[in-house]
Amino acid sequence: MSEPRKHHFVPEVYLKRFAINKSGDLFSLRVKSEYENQNVKRVNKTQVCYEYDKYTFKTDKIINANKLEDPNFIEKNRFAYENNELELLFDKIDYSKKLFVSEVRKLIQILLNIKRRNPAFSNEFLKPDANQNILDVNVVRLEKDLIKAGMPKERVKSVINKVRIEMTENLKDEEYKLDLYRNNLLNFNNEIDQVDKPLIDRVLSWEMIIYQTDYQNPFITSDNPGYTLRNFREVFNMNFNYIDGLLSQFHLKSLLYFSKEQFIKSI
């Protein structure tokens with residue numbers, strides 16, 4: 001059996017909700033292109049929003065550190081929510097069924113995880129000024145784990161210094177940095193990610209609204225779905241700091257909107 005090479009950063013189960021038929025065909029327009037004139041094209045959901053081997057680990061250091069027998073572990077195992085939880089949650093919203101708080105929490109977590117899967121997120125790891133931040137985040141996390149495990153302080157200090165030197169050298173390798181990004185996805189599981197927990201808790205305290213339209217005036221989506229709002233006037237695609245709203249198109253006819261109460265009437 002061949003290894004899966006087309007890795008979708010936008011789940012196909014999401015894309016099919018914008019399809020015009022049961023085969024998963026949809027209309028696509030490339031907004032940013034080297035060509036001046038771009039036309040709307042009819043494509044299948046399998047033909048868009050993917051990269052070859054995007055989630056395949058490439059460096060032995062990260063593979064061995066995680067004791068992985070299969071470099072394609074993420075693509076094969078970490079996105080199981082696509083075909084069960086996400087579709088179930090979408091169906092409950094479509095048919096106006098009651099959602100439990102735990103299900104809304106899971107929905108927000110999945111939407112944020114889809115953001116993490118996007119090239120816009122992984123590209124942050126490749127920026128020239130990203131090395132120091134990557135180093136600091138990983139060292140702090142390791143230090144907490146070692147202290148929690150009961151390692152003596154002097155020993156922790158020695159280990160951390162050694163790791164800093166080694167990581168500084170490793171970060172010169174672009175594939176190593178991308179594998180650190182993949183490592184974040186690897187650690188995603190059914191428990192709430194501690195990094196996202198404060199944001200998820202905040203969004204849970206807001207109003208959840210579903211805006212609907214018809215097929216004559218459909219919502220459109222993008223290759224990086226979902227947006228955040230600040231003061232209702234500023235729209236962001238990857239900024240989650242000091243926000244007042246979280247939006248995500250999830251169907252041709254439906255838009256999911258989490259908002260602080262005072263902004264609801266502004267639409």
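Remarks
- Condition met for ARG105 (free of Cβ contacts under 8 Å to residues at least 24 places away in the same chain, basic (Lys, Arg) and out of contact with any strand residue (DSSP E or B) (no Cβ under 7 Å at 6 or more places or on another chain)): no
- Flag if LYS16 is charged (D, E, K, R) and assigned to a loop (DSSP other than H, G, I, E, B): no
- Only one of the listed residues (LYS92, LYS98, LYS127) is of a type in the set (Lys, Arg) and surrounded by 13 or more Cβ atoms within 10 Å (Cβ to Cβ). That residue is LYS92.
- Some residue of segment 59-71 being touching a strand residue (DSSP E or B) at 6+ places or on another chain (Cβ under 9 Å) and not in a strand (DSSP E or B): no
- The residue that is farthest from SER96 (Cα to Cα), among those in segment 206-255 that are of a type in the set (Asp, Glu), touching a helix residue (DSSP H, G or I) at 6+ places or on another chain (Cβ under 9 Å) and outside any strand (DSSP E or B), is ASP223.
- Test: residue in segment 68-77 that is modelled with pLDDT under 95, more than 25 Å from LEU256 (Cα to Cα) and aliphatic (A, V, I, L, M): yes
- Residue satisfying all of: in segment 82-97; free of Cβ contacts under 8 Å to residues at least 40 places away in the same chain and not in a loop (DSSP other than H, G, I, E, B); nearest to MET167 (Cα to Cα) among these: GLU85
- Filtering segment 13-45 to residues that are touching an Asp or Glu at 6+ places or on another chain (Cβ under 7 Å) and either among the small types (Gly, Ala, Ser) or within 19 Å of GLU87 (Cβ to Cβ) (or both) leaves VAL13, ALA19, ASN44, LYS45.
- Hey, TYR242 under 30 Å from LEU142 (Cα atoms), more than 18 Å from the chain's Cα centre (by Cα) and either loosely packed, with under 12 Cβ neighbours inside 10 Å or at pLDDT 85 or above (or both) or not: yes
- Going through (1) touching an Asp or Glu at 6+ places or on another chain (Cβ under 7 Å); (2) in contact (Cβ under 8 Å) with a residue 24 or more places away in the chain one by one, PHE79 falls short only on (1).
- Apart from one condition, VAL137 fits all of (1) closer than 20 Å to PHE57 by Cβ; (2) surrounded by fewer than 13 Cβ atoms within 10 Å (Cβ to Cβ); (3) without any contact (Cβ under 8 Å) to a residue 40 or more places away in the chain; the exception is (2).
- Any chance GLN109 is exposed (fewer than 11 other Cβ atoms within 10 Å of the Cβ) and of a type in the set (S, T, N, Q): no
The values are calculated or read from the model by the stated rules, or taken from the named source; none is laboratory data. These figures come from a predicted structure and were not determined experimentally. Every residue, glycine as well, gets a Cβ built from its backbone with ideal geometry; the counts of neighbours run over all protein chains shown.
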